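J.: Dumping the structure here so I can ask a few things about it.
The values are calculated or read from the model by the stated rules, or taken from the named source; none is laboratory data. Predicted model only: the values in this text are computed from it and were never measured. No Cβ is skipped: glycine too gets one built from the backbone with ideal geometry, and neighbour counts run over all protein chains shown.
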Amino acid sequence: MKNKEILARLSEEIRSATPDISDRLSLSPHEKRTEVIKMSKSNKIKKWIIGASAAAVIALAAGIGFAGNQYFSVATVIGIDVNPSIELRVNKNDTVVKALALNSDAEIILDEMKLKGVDCDVAVNALIGSMLRHGYIDELKNSILISVDNPDAQKSAELEERLINEINSILSGSSVEPAVMAQSVSDDASIKSLAEQYGISVGKATLIQKICNADPTKTFESLAGLSVNDLYLIAETKSISTENSVTQGTPSSASYITADEAEQAALSHAGISSSDVSYITCELDFDDGIMVYEVEFISGNTEYEYDINAIDKSVLKFSTERADNYSQSGQGGSSGNAASITEAEAQQAAFSHAGVSGATVIKAEYDRDDNKYEIEFIAGNYKYEYEISAADGRVIESEKEAVKSSGTAYSVSADEARQKALSHAGVTDPYEFEIDYDRDDNKYEVEFKSGGYEYSYDINAATGEILKSEKERDD
């Protein structure tokens, strides 16, 4: 029996059980009311019925209100991201309470679609089908991100599995082989704030933050506009941790050239045959608003680094690094090294002139324009700076200054500061290493490059404490 029928019957029962005393209420205020209404047994029963019926009405109303609150109470938030980003809020019975469009593409998908009151599986079926029909999911864009926000970990895992199976079932009859990532998201205020700031779902914000954590050169802002397919490709390339997530399928890279094509483009630009390469690596990445392949390889005593446009194979950036730390970079070719002596010979020439047998080299660079080496090192309590001719090894210029004096809190050597910074960065083979002692602040300023990154450190000269550390892409 429906709630409205129950309420109507109870109301009628109350009315029939109430004595009719309207004629008595019509007496003039001056008339005496001497008649006593005796409560018969029958009337007593009716009185009990009135009380019981009223109580039943109150109880029923409360029950209906409780059931209504339970129905409309959100127990789980499900995020569905392709490029359209949609959020489904469902109750404890997995019935959709509300569907939200988080971007303009999602508004197209949700247009005139009534999902309130339907099972979440049915809602996901309708949404994925609509995205497929509208071209948001196809062979080139096959990645789908499902995010489940529920405090019960077991419930989240069960929903993830159900939704993955539902999506695979929906797309089984199409030409699309889906790549699905299902993840549990935490109630993180900072992630929710970023999602709101950039107008994306919490699930997409969580994935972006994972990428930024794995690669400090990436910024949240630069990645927020990427499609889920591109984010999934980057995450896969960088082996992003899949903790609290389940992945099935492979994201499509059909929109881009292959890794082999990117490698060949770099080798062709360098004029090097693949048979002359001793080491090569290629990684899909996102840089300066473009999907790129980062290609690194070694040929002879030279290391090459290239950024290849992942769409048209054009060379966006390139640099070379010789074994003697001679480097060049640009957009169209290179010139030869005019040096006649090696960096090691230039260092030895500086040591001999300074009269030292052992020293900590903090800088060794080749200046192509002036055909000279710039050598800086610390020996004892002094710092030396030399310019050595790369043609014949003669000393062009030299300087010497004390790096500690009485009254300073200096107790950490330059070599200790160097090792402290390298150890913290996890670097063993830096190039263009430089270290300076800041007398005023009693600290070492350490800078070096390795693996395509620039590192900068401030080390307390008294305690060895790392005061500052920075890492950024070496362009």
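J.: Return a yes/no flag: does the stretch 369-383 have any residue that is in a helix (DSSP H, G or I), modelled with pLDDT of 80 or more and not charged (D, E, K, R). Write out each step before concluding.
T.: To start, the set of residues in the stretch 369-383 that are in a helix (DSSP H, G or I) comprises none.
Within the stretch 369-383, none of the residues are in a helix (DSSP H, G or I), modelled with pLDDT of 80 or more and not charged (D, E, K, R).
J.: Return the residues of the stretch 369-384 that are more than 11 Å from Ala346 (Cβ to Cβ) and buried (at least 17 other Cβ atoms within 10 Å of the Cβ); say none if nothing qualifies. Break it down into steps so the answer makes sense when it comes.
T.: Narrowing the stretch 369-384 to residues more than 11 Å from Ala346 (Cβ to Cβ): 369-371, 376-384.
If the condition is that a residue be more than 11 Å from Ala346 (Cβ to Cβ) and buried (at least 17 other Cβ atoms within 10 Å of the Cβ), then Glu376, Phe377, Ile378, Ala379, Lys383, Tyr384 are the ones that fit.
J.: Something else about it: Identify, please: which residue in the stretch 275-317 is surrounded by 15 or more Cβ atoms within 10 Å (Cβ to Cβ) and among the aromatic types (Phe, Trp, Tyr) and is, among those, farthest from Thr237 (Cα to Cα)?
T.: Checking each candidate, the answer is Tyr304.
J.: Return the residues of the stretch 406-438 that are surrounded by fewer than 15 Cβ atoms within 10 Å (Cβ to Cβ) and either part of a loop (DSSP other than H, G, I, E, B) or modelled with pLDDT under 80 (or both); say none if nothing qualifies.
T.: Residues satisfying the conditions are Ser406, Gly407, Thr408, Ala409, Ser411, Asp415, Gly426, Thr428, Asp429, Asp438.
J.: So, one more: Which of the residues belonging to the stretch 446-475 are touching a strand residue (DSSP E or B) at 6+ places or on another chain (Cβ under 6 Å), surrounded by 18 or more Cβ atoms within 10 Å (Cβ to Cβ) and either β-branched (Val, Ile, Thr) or not in a loop (DSSP other than H, G, I, E, B) (or both)?
T.: Val446, Glu447, Phe448, Lys449, Tyr455, Tyr457, Asp458, Ile459, Asn460, listed by residue number.
J.: While we're looking at this one, here's another question. Restricting the search to the stretch 153-208, which residues are closer than 16 Å to Ala224 by Cβ, buried (at least 22 other Cβ atoms within 10 Å of the Cβ) and either over 13 Å from the mean Cα position of the chain (by Cα) or of a type in the set (D, E, K, R) (or both)?
T.: Matches in the stretch 153-208: Lys204 only.
J.: From the list Ser143, Ser104, which residue is among the small types (Gly, Ala, Ser) and surrounded by 14 or more Cβ atoms within 10 Å (Cβ to Cβ)?
T.: On the way: Ser104 fails: surrounded by 14 or more Cβ atoms within 10 Å (Cβ to Cβ).
None of the others qualify; the one that does is Ser143.
J.: May I pose another question? Answer yes or no as to whether Glu296 is touching a residue at least 40 places away in the same chain (Cβ under 8 Å) and touching a strand residue (DSSP E or B) at 6+ places or on another chain (Cβ under 7 Å).
T.: On the way: touching a residue at least 40 places away in the same chain (Cβ under 8 Å): yes; touching a strand residue (DSSP E or B) at 6+ places or on another chain (Cβ under 7 Å): yes.
Yes, satisfied.
J.: From (1) within 18 Å of Val77 (Cα to Cα); (2) at pLDDT below 85; (3) touching a Phe, Trp or Tyr at 6+ places or on another chain (Cβ under 8 Å), pick out the condition that doesn't hold for Ser184.
T.: Only one criterion is unmet by Ser184, namely (3).
J.: From the set of residues in the stretch 235-260 that are more than 29 Å from Asn309 (Cβ to Cβ) and surrounded by 14 or more Cβ atoms within 10 Å (Cβ to Cβ), which is modelled with the highest pLDDT?
T.: Filtering the stretch 235-260 for residues that are more than 29 Å from Asn309 (Cβ to Cβ) and surrounded by 14 or more Cβ atoms within 10 Å (Cβ to Cβ), the one modelled with the highest pLDDT comes out as Gln248.
J.: With Asp438, Asp429 as the choices, which residue is charged (D, E, K, R) and more than 30 Å from Tyr304 (Cβ to Cβ)? Step through it out loud before you land on a result.
T.: Details: Asp429 fails: more than 30 Å from Tyr304 (Cβ to Cβ).
Criteria check complete, one pass: Asp438.
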